[in-house]
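The values are calculated or read from the model by the stated rules, or taken from the named source; none is laboratory data. Note that the coordinates shown come from a computational prediction; the quantities given were computed from them, not determined experimentally. All Cβ positions, glycine included, derive from the backbone under ideal geometry; neighbour counts span all protein chains shown. Surface accessibility is based on the protein's heavy atoms, side chains included, excluding ligands, DNA and RNA. Shrake-Rupley method; radii C 1.70, N 1.55, O 1.52, S 1.80 Å.
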Amino acid sequence: MSERAEFTEALKGAVAEKTNWFNSEELPRMLDNYRLLHTCIKNLYDLLLKRALITADPYKLEKKISDVKAPEETAFAESDASVVIGARFSDYESMMDFVCTYFKFSVENFDLAKIKRFNELNNSFQWTNFNTNNPKVNTKGLASLLNEARRNLSAISLSMVSDSVSKSGKAITEITRILKELSDFKREEYKLKIRTQIMSSSAYNSSQATDAATEIAEIKKHFPSIMGKTPFYSELVNEITEEDFSPSKDAVQQKTLERLKVTMKVVTKEKEKVNTKQMLMETIRVLSNLSNEYANIAGKLNDNVKIIEGSKNSFFNKLKKAIRKAFNLKEPPLVYKFIIVDQQKQTKQAREIDINIFISNVARKANFLGILSNPQSPEIKKINESPEEQILQFVNKQISENNETLTLLTAADEYFKTNAAAQDRPKIKGLKIDLVSVKNIIVKANQKRAEYVSYAEEVIQMQKLGISES
């Protein structure tokens, strides 16, 4: 076997090993960081909407996303910040949702051009340098709006804003590190493809490629027919010739193989005993993320009620209100008939709901769960001091109640869309995106609870067998 063939075989093995490492270790880690980033972005986006500091994009749900693309970055007038940043931050949030939900994180699904688009998306808002002096207009505009949002916020909400910005910066830092490693790897993979697909083909005349210049010429000659629409990167082709003809080619080849080497970090430590109580407390922390969602939903429900009732201001209704006011009579309950859909049983059931009490309950849940998000609150300290059995009962009750709330909110969303007058329907605030977020939080909390239950059952079984955990 020739020296060049030996080097190519060594490259094949190294690329295969690193591909497996990226697919099993680094890319799943990058996806986890994108999911964290998306959660933080969604929290900030919902807060700005709730405080009417940005304008909601009316076409958000209609926009079809098929590939990664950064929001626009052109300059805009300061007076247009609400609309422009609203649209761009909305596009950014939608793109992150697409990345987390639909994009396949595998080496095969990335190329150098796609990595560049990911980096452009990540730089749309610079979380690691997030301030009003940032030269990038999107970051500066969003930082200014969040500074305005911080005014008169509760301590919990202020903590959420700071925490979201901080975690976004950490997530982006880790994502950028992995993308840089992936970019370096894809360069080496590109070079290997030229060696295996062009230089090893029967059309390639190796006897003509006797130096760097003739090798480049021979690669260029066959590149279009063999590589198709793959871009031609002169810099990387020059690196191939360095590996083949440089006076220090042995050192160059060794350096290339070193870049492809997978460094396995072996950490040996004593097995830590799992803190089962903290597993349950983590479930409560996940549920506390519903606070912002419920607060936002309660506001939308109130607005929708005003729209529905506003259309009923007939002369007769106004007269009844005037009489009640004159005689100091209490307003009758405002009862709406929700259609409750049971997906498992495939049934529908009508239920009368006092809408004002319902909205009040949603707002109360938002406040209660917000308190649970503060590790220093008396409520969360009291829960933490309780026996695990009681904490599990509390978690079970919360998951059950929030599932019930999700069912009712789904029915409420359908009610307002169906019962609003035709001229008022465009004004109705839909809950589709909010309900997806609520469902995802409940599902995640349920997964955390299931992990706890599974582990607790395993410990019990081990104890029955006389095996101690160590």
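How do ILE41, ILE371 rank by accessible surface area computed with a 1.4 Å probe, from largest to smallest?
The ordering from most to least exposed comes out as ILE371, ILE41.
Just the projected area, averaged over all directions, of the convex hull on the alpha carbon atoms of segment 1-117: how many nm²?
Orientation-averaged projected area of the Cα hull: 9.8 nm².
What are the residues whose amide H is under 5 Å from the amide H of ILE340, where those residues sit 5 or more places off or on another chain and H is modelled from the backbone?
GLN349, ALA350, ARG351
Each residue of segment 386-402 in order: what ³J(HN,Hα) in whole Hz does its phi give by Karplus 6.51 cos²θ - 1.76 cosθ + 1.60, θ = phi - 60°, with x for Gly and Pro?
Per residue, the Karplus-derived 3J(HN,Hα) values read 7, x, 4, 4, 5, 5, 5, 4, 4, 4, 4, 5, 5, 5, 4, 5, 6 Hz.
What is the gain in length, in nm to one decimal, between SER162 and ASN361 on full extension, counting 0.36 nm per residue of separation less the C-alpha to C-alpha distance?
Details: separation 199, 0.36 × 199 = 71.64 nm, distance 2.77 nm.
Gain in length upon complete extension: 68.9 nm.
Once you place label points 7 Å from the Cα toward the Cβ at ALA251 and SER183, how far apart are they in nm?
It is 2.7 nm.
Quickly work out the SER66-to-GLU457 label distance, labels modelled 7 Å from Cα along the C-beta direction, and quote it in nm with one decimal.
4.6 nm
First measure r as the distance between the Cβ atoms of THR74 and ALA217, then evaluate 1/(1 + (r/R0)^6) with R0 = 60 Å and state the FRET efficiency to the nearest 0.05. Walk me through the numbers on the way to the answer.
Details: r = 42 Å, r/R0 = 0.71.
Approximately 0.90, to the nearest 0.05.
Determine the gain in length on full extension of the stretch THR418-ASN119; use 0.36 nm per residue of separation and subtract their C-alpha separation, reporting nm with one decimal.
Working: separation 299, 0.36 × 299 = 107.64 nm, distance 4.28 nm.
Full-extension gain reported as 103.4 nm.
Net charge within 12 Å of LEU31 by Cβ-Cβ distance, Lys/Arg positive one each and Asp/Glu negative one each, not counting LEU31 itself?
It works out to a net charge of -1.
Against the longest alpha carbon principal axis of the chain, how many degrees, from 0 to 90 and to the nearest 10, is the axis of helix 112-122 turned?
On a 0 to 90 degree scale, this one is about 30.
To the nearest 10 square angstrom, how much accessible area does GLU9 have with a 1.4 angstrom probe?
90 Å²
For all pairs of alpha-carbon atoms in the chain, what percent lies in each bin of width 10 Å, listed from the first bin to the last filled one?
Going out from 0 Å in 10 Å bins, the chain shows 3, 15, 20, 21, 17, 12, 7, 3, 1, 1, 0 percent.
If packing is taken as the average count of other Cβ atoms within 10 Å, what order do 293-300, 382-389, 145-152 fall into, highest mean first?
293-300, 145-152, 382-389
Return the calculated 222 nm mean residue ellipticity for the chain, to the nearest 500 deg cm²/dmol, obtained by summing -39500 (n - 2.57) across DSSP H runs with n ≥ 4 and dividing by the residue count. Kindly include the intermediate steps, with their values, before the conclusion.
Numbers: 16 runs with 302 residues, N = 470.
Value at 222 nm, helices only: -22000 deg cm²/dmol.
Report the far tail of the P(r) of segment 323-457, meaning the percent of Cα-Cα pairs longer than 20 Å. Kindly include the intermediate steps, with their values, before the conclusion.
Numbers: 5506 of 9045 pairs.
Of all Cα-Cα distances in segment 323-457, 61 percent exceed 20 Å.
Obtain the nm distance between the two label points defined at VAL335 and LYS229 by a simple spin-label model: each point lies 7 Å from its Cα along the Cα-to-C-beta direction.
6.2 nm
Percent of accessible area on segment 94-226 owned by carbon and sulfur, 1.4 Å probe?
Result for segment 94-226: 48 percent of the exposed heavy-atom area is carbon or sulfur.
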